[in-house]
1. Consider T90 carefully, then state whether it is among the polar types (S, T, N, Q) and touching a Pro at 6+ places or on another chain (Cβ under 7 Å).
2. Filter the stretch 646-679 down to residues that are buried (at least 21 other Cβ atoms within 10 Å of the Cβ) and among the aliphatic types (A, V, I, L, M), then give me how many there are.
3. Can T324 be described as of a type in the set (S, T, Y), surrounded by 18 or more Cβ atoms within 10 Å (Cβ to Cβ) and at pLDDT below 75?
4. From the list L164, L153, which one is more than 25 Å from T90 (Cα to Cα) and modelled with pLDDT under 85?
5. Name every residue in the stretch 560-612 that is in contact with a Cys (Cβ under 8 Å, 6 or more places away or on another chain) and modelled with pLDDT under 90, in order of residue number.
6. Here is a list: S592, S510, S587. Which entry is outside the structural domain of S707 (by TED's automatic domain parsing) and more than 19 Å from the chain's Cα centre (by Cα)?
7. Regarding L65, is this residue over 19 Å from G143 (Cβ atoms) and either assigned by TED's automatic domain parsing to the domain that holds S182 or surrounded by fewer than 21 Cβ atoms within 10 Å (Cβ to Cβ) (or both)?
8. Among the numbered conditions (1) surrounded by 17 or more Cβ atoms within 10 Å (Cβ to Cβ); (2) out of contact with any strand residue (DSSP E or B) (no Cβ under 7 Å at 6 or more places or on another chain), tell me where Q509 comes up short.
Amino acid sequence: MKQLTGAKGALRVRPVDRAEAGELAGRLLMAFLLGRTRIYGAVAPFGIAFTAASGAGVRGILAMLGSVFGSLTAGGAVWSVKYIAVSVLTFTAVHFFKKSAPWWFSMAAAFGFTLTVGAVYAWDTGWEVTATAMWVVESFAAGGFAWFYETALTAGRDPGERALRASRAASVILLAATLLMSLAELEPFGALSVGRTLAVMAVMFVSYRGGMGQGCVTAAALGAAMDIAQGGVPFFTLSYVFSALIAGVFSRDGRLTFVLSWVAATALTVLWYWNQRRWFPALFETFAASVCFTLLPEELLARFSVYLPREGSGYGYLRAREYTRQRVDRCAAAFRGLYDGLRGRAGEEESESPALVYDRASEAVCRSCPNQSRCWQEEYVETLDVMNSMTPILAKKGSVESADLPESFTQKCARLERLLVQINAESRAYLMRRSYRARLRESRAAAFDQYNDISRVLTNLSGELGGEIRVEPELEKRLRKYFRSLAMDASVAVFRLRTGRLRAEVRSQSLHILRRDKRWLDTLSSLLEVRLCSVDSSDDARLILMEAEPLAVTVGSAGARRSGETVSGDRYLCFRTDEGMLYVLLSDGMGSGREAAKMASDAATVTERFLRAGMEPELALDILSSLCLLRNEDSLESATVDLLAFDMFSGAAKLYKYGAAPSYLRRGASVKRVGGSALPVGFAPKGTGRAVTELTLIPGDTLLMASDGVFSGADDKPVRQSLASDNTDPQSLARALLSTAAQTTGSEDDMTVIVLRVSERE
């Protein structure tokens, strides 16, 4: 920066770059053209409005000078005195009071000075009706267009806001219309108007790239401007709107078809006014405009199309709703699969017959009795009748006595007392078993019904949009503008997941155009103001982008089976979710071999389904524990669960351990043991305490997870030493740790070692 110092202060001369110099030159030219633009050849309020809209400083001075010279060239010195005076007064007021005045001050200044100075000219005509009406129109036009011009001049300053508001788009159209009014008088060959030719090209562009609706609105504005400039009947308004309406139907059928339909519509309009041959030049202007428009390169049209206003299609809201529906559907399917897998076990079991009470009692007492053959062979029917007569007595009293039996039986039974004691004991055991089974059936049925009910509720909710997802319409508009600049027709959805992670989906048959640029992902990241990563998709017409996690995790694993076994009883899973969570799951089935492998696989699969569906780990593990408890009625089945939930955005981590071996965290040169004391799933009832350890992992940390076979009955010092001293990659480190464990503990159990190393994403 160059500085010139004086006696009292300093005058700072700031260099002007090319972009700013171009803007200032353009502002001067626009002010000149607007200063000489007249309404029906009588009044020229647009230069005053542009001066008020340009504000203070250099921009305001150039606007004032351009307006003054424009009015001088339009009507001479005498006619332009009024506009020179109003322009100077307006700039002076805006320059000195703009900073402290309200936002509407520039409009009020343009309106007030035009009204005041114009009153002198209206009074000089004796308040003639036409002159007075034009004075009022001119005053309101100066104030109103000042607001439109100021809005239009700020349209290009903020790329994120350009062409997003309808008022801004209308302001740009009005600025273009009034500029073309000045050029409409320029006829270099006597048959073509430069302003009207440019107006036809502008309407063609908007109709072709923006559609029929925008084309008709632009045609009405520019057509009215051309009619006002030539002071005649509204021919150009009719011609432009009709042509935009007809050609807009063919805007998707190629540029040549569009241009031919436009020329045909204009020719038909001229035929309507066949008797007024002065409209024939409109045919030449349309022909010239159509040739120029056809020769414009597609890249140039695509670049300027980003300035056209477009409302969102609502696709983002629909995709957000669809994403929520898919998540809920996955949860519902997981619950339904759980219910279907267990409902067969909830069927009615065969009831135990009360006759077993007497069979077991007689087996224990009568087998060694000397009268056994007489009672249970010769007098079998009488003995059986006596036994059956005890059933209602037992049901009523809960026990039976000798007085309850026939005297003939009590006299001949050699072991009556022992038999009654045994019958009463078997009866109590029978009642207890029946009660237990009834309660078990009820609890199991209730549990299965709960899973089924949850599945049904989630299915009903699957079509609703979740409140945890926030749509980003502004970011969608940025992407749409960029794709239009590439001449791509794409549907865009940008929204944030419940964790705040940004997700973008693009559907287009022209994605190959985007991928021509090797840095396309960096470009889209710049537009959305976050670092993006691409998610693999099998659909070539669909692109899924996610906000990239700031942290990266490298995972290495190694495993070995128990000596003499063909299958390992350990199961290891590692996966990421859309929310940016990394889950590492290690399950060790009880025992070894195929049964242990099945238990571990079932535990890991059930947990994975719920975690992928977006369920919190606590709830997923509770459901897994309930499932294992329900399955343990006839057999003892269990599996340890070692689960790491790691947020790859914040670094927050939780370790859930159900009977799992301890983990080890290495940070720098120190190694920390992370253990747990909860029972394995299948032994830990729902609601009992769990070992949950909260951690914060930072770049450089290394976490070791291992099954209990690695530390089986041995000191963990060798593992600690290997972990602390080995700085190789996680895969090599996992193999080295497994080798160390095998040498220390042997191969008495299945062994699995998982090593995770956290780093910053490159």
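1. no
2. 6
3. Yes: the conditions hold for T324.
4. Working: L153 fails: more than 25 Å from T90 (Cα to Cα).
The match here is L164.
5. A603, F610
6. S510
7. Values: over 19 Å from G143 (Cβ atoms): yes; either assigned by TED's automatic domain parsing to the domain that holds S182 or surrounded by fewer than 21 Cβ atoms within 10 Å (Cβ to Cβ) (or both): yes.
It is true that L65 is over 19 Å from G143 (Cβ atoms) and either assigned by TED's automatic domain parsing to the domain that holds S182 or surrounded by fewer than 21 Cβ atoms within 10 Å (Cβ to Cβ) (or both).
8. Going through the list (1) surrounded by 17 or more Cβ atoms within 10 Å (Cβ to Cβ); (2) out of contact with any strand residue (DSSP E or B) (no Cβ under 7 Å at 6 or more places or on another chain), Q509 breaks only (1).
The values are calculated or read from the model by the stated rules, or taken from the named source; none is laboratory data. What you see is a predicted model; the values in this text were computed from it and never measured. Glycine gets a Cβ as well: all are built from the backbone with ideal geometry, and neighbour counts include every protein chain shown.
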